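Just below is one structure, and these are the notes that go with it.
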Amino acid sequence: MPVSAAYRPDPRWLSLGEGFHDAVEAAAFPARVVRYRNQRAAASVGLESLSEVEWVDHFGRFVPLPGNLAEPLALRYHGHQFRSYNPQIGDGRGFLFAQMRDDRGRLLDLGTKGSGQTPYSRFGDGRLTLKGGVREVLATEMLELRGVNTSKTLSVIETGEALQRNDEPSPTRSCVLVRLSHGHVRIGTFQRLAAYRDVERTRKLVDYVVETHFPDLATLEGEARILGFFARVVDRVAQTCAAWMAAGFVHGVLNTDNINATGESFDYGPWRFLPTYEPGFTAAYFDETGLYAFGRQPGAVQWNLARLAETLLELADRDRLV
């Protein structure tokens, strides 16, 4: 087996059943050259012993890991993007590739970015620039160093394609990135279910997050579990936002589909660290109104959490979701 004895696969996402994902295929890239390999993160989930050939097979060709997901899964979600609700999104250039336990017993996901088109690509090419991959490495390493609860960049493999982008000199080099994250359940995941008034799947998703990520709440039942779940998400997300502010970090795009139910910071596009203290500083050139400026991040996060509360109204009393 091309992994160490510390590797413990646990593809729990499949326990949710139908309605949460679509099986997809990874793109066939013309080249695969390892540009970044995070051995420290790999060791935490028992993948440090992979040879370079095996690394490329799993994280460039996406050959399934032993005992794990048999095929990649593009996750379904909706979201508010700059306060406008969009039901046409989902994993458009990434997918869930594997799940496993780390050296502390926690369930982690391997998710991708730039791995090809999915049903949610919306005319996009499903690719990631090498510049974007390197920027995500820098974001995750710098935030971890500053004590922020963040995903880890596990792998960046250059893929040999010339990409056209309107916001940077093109053609530009391409890559596929793999992140190690504590789940990919977004506020937007709940919003999609609420849009379809799918109460049973909403309850099932709450149960999944509680039992997987907040096991100390697992003894709660009924409305108490819903309220405990919501309070925990609020607490985790608020702590992460406070850590961003202390670090002088500007996420750039705080849409509801970019807020993780575990509170972990992830998915880095136009991020920046403040060059000087400036509450109005924005990281995204397309944020024309400064909605997600540095000083407005706490308000943006609070607004997003209110949207999560709305998705739980069929399961808990409105006055208690505060």
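The values are calculated or read from the model by the stated rules, or taken from the named source; none is laboratory data. On a predicted model such as this, the values are computed, not experimentally measured, just so you know. Neighbour counts run over all protein chains shown; Cβ positions are idealised from the backbone, glycine included. The area values use the complete protein model at the heavy-atom level, side chains included, leaving out ligands, DNA and RNA. Shrake-Rupley method; radii C 1.70, N 1.55, O 1.52, S 1.80 Å.
Below are the figures for this structure:
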read-out: Any chance Ser15 is over 21 Å from the mean Cα position of the chain (by Cα), open to solvent by 60 Å² or more (accessible area, probe 1.4 Å) and farther than 16 Å from Gly94 by Cα; value: no
read-out: Any hit, region 133-149, residues being open to solvent by 40 Å² or more (accessible area, probe 1.4 Å), of a type in the set (D, E, K, R) and either closer than 21 Å to Phe286 by Cβ or assigned to a loop (DSSP other than H, G, I, E, B) (or both); value: yes
read-out: Test: Tyr285 is touching a residue at least 60 places away in the same chain (Cβ under 8 Å) and either touching a helix residue (DSSP H, G or I) at 6+ places or on another chain (Cβ under 7 Å) or charged (D, E, K, R) (or both); value: no
read-out: Unique residue being free of Cβ contacts under 8 Å to residues at least 12 places away in the same chain and small (Gly, Ala, Ser) when the list is Ser181, Ser170, Ser174; value: Ser170
read-out: Candidate set from region 150-167 (those that are within 25 Å of Gly90 (Cβ to Cβ) and either basic (Lys, Arg) or surrounded by fewer than 15 Cβ atoms within 10 Å (Cβ to Cβ) (or both)); member that is modelled with the highest pLDDT; value: Lys152
read-out: Output for region 67-84, where each listed residue is farther than 18 Å from Ser15 by Cα, in contact (Cβ under 8 Å) with a residue 12 or more places away in the chain and open to solvent by 20 Å² or more (accessible area, probe 1.4 Å); value: His80, Gln81, Phe82, Arg83
read-out: Candidates Arg12, Arg35, filtered to the one that is out of contact with any Pro (no Cβ under 6 Å at 6 or more places or on another chain) and under 19 Å from Ser155 (Cβ atoms); value: Arg35
read-out: Qualifying residue in region 119-131 (condition: farther than 25 Å from Leu14 by Cα, in a helix (DSSP H, G or I) and either hydroxyl-bearing (Ser, Thr, Tyr) or open to solvent by 60 Å² or more (accessible area, probe 1.4 Å) (or both)); value: yes
read-out: Only listed residue being under 22 Å from Ala238 (Cβ atoms) and among the polar types (S, T, N, Q), chosen from Ser155, Ser174, Ser181; value: Ser181
read-out: Residue within region 203-224 that is small (Gly, Ala, Ser) and outside any loop (DSSP other than H, G, I, E, B) present; value: yes
read-out: Output for region 306-315, where each listed residue is of a type in the set (A, V, I, L, M, F, W, C) and either touching a Cys at 6+ places or on another chain (Cβ under 8 Å) or surrounded by 20 or more Cβ atoms within 10 Å (Cβ to Cβ) (or both); value: Leu308, Leu312
read-out: Of the criteria (1) open to solvent by 30 Å² or more (accessible area, probe 1.4 Å); (2) closer than 28 Å to Ala195 by Cβ; (3) β-branched (Val, Ile, Thr), which one Thr112 fails; value: (1)
read-out: Every residue from region 18-56 that is surrounded by 13 or more Cβ atoms within 10 Å (Cβ to Cβ) and assigned to a helix (DSSP H, G or I); value: Ala41, Ala42, Ala43, Ser44, Glu54, Trp55, Val56
read-out: Number of positions in region 267-283 that are crowded, with 20+ Cβ neighbours inside 10 Å, modelled with pLDDT of 95 or more and under 23 Å from Lys113 (Cα atoms); value: 3
read-out: Selection from region 295-322 of residues that are within 20 Å of the chain's Cα centre (by Cα) and charged (D, E, K, R); value: Arg307
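Rundown of residues vs (1) open to solvent by 10 Å² or more (accessible area, probe 1.4 Å); (2) over 28 Å from Tyr285 (Cβ atoms), yes/no style:
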site	(1), (2)
Ala195	yes, yes
Leu220	yes, yes
Glu223	yes, yes
Met245	yes, no
Gly263	no, no
